[in-house]
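Following: one structure in structure tokens, then a few remarks.
Derivation of every value follows stated rules applied to the coordinates shown; laboratory data play no part. Only a predicted model underlies this, so the values are computations on that prediction, with no experimental measurement involved. Reconstructed Cβ throughout: ideal geometry from the backbone, glycine too, with neighbour counts over all protein chains shown.
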Amino acid sequence: MTKAVGAAQPFLRRHRGGGGPGIGRAIAERFIQEGDSVTAWSRTGEAPPGCARVDSVNVADSTVVAESAKSAVAELGPVSAIVINAGITQDGL
């Protein structure tokens, strides 16, 4: 199904960082429910079921981010949307 957001494709290819627990996981799950092809990045490689691709990526390392993004595009095609929701905490949690 074609979505109004992004380029007219059979489905959106959304690449996102922060596939671990919390908001990032919820975002990925929603995109998957909508039929999107989702690439998830997390430091642990953890991501919800249904992701088209899961990479272990520390988004603080721009070289790793660039390599993973290039590889995902080569494998899955052009990206329609990117969501980066990784966060840093100062409270030791």
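Could you please report the charge total around K70, scoring K, R as +1 and D, E as -1 over all other residues with beta-carbon less than 13 angstrom from its beta-carbon?
Counting the neighbours of K70, the net charge comes to -2.
About its Cα centre, what dipole magnitude does segment 24-82 give when the only charges are +1 on Lys and Arg Cβ and -1 on Asp and Glu Cβ, stated in debye to the nearest 20?
With only Lys, Arg, Asp and Glu charged at Cβ, the dipole is about 60 debye.
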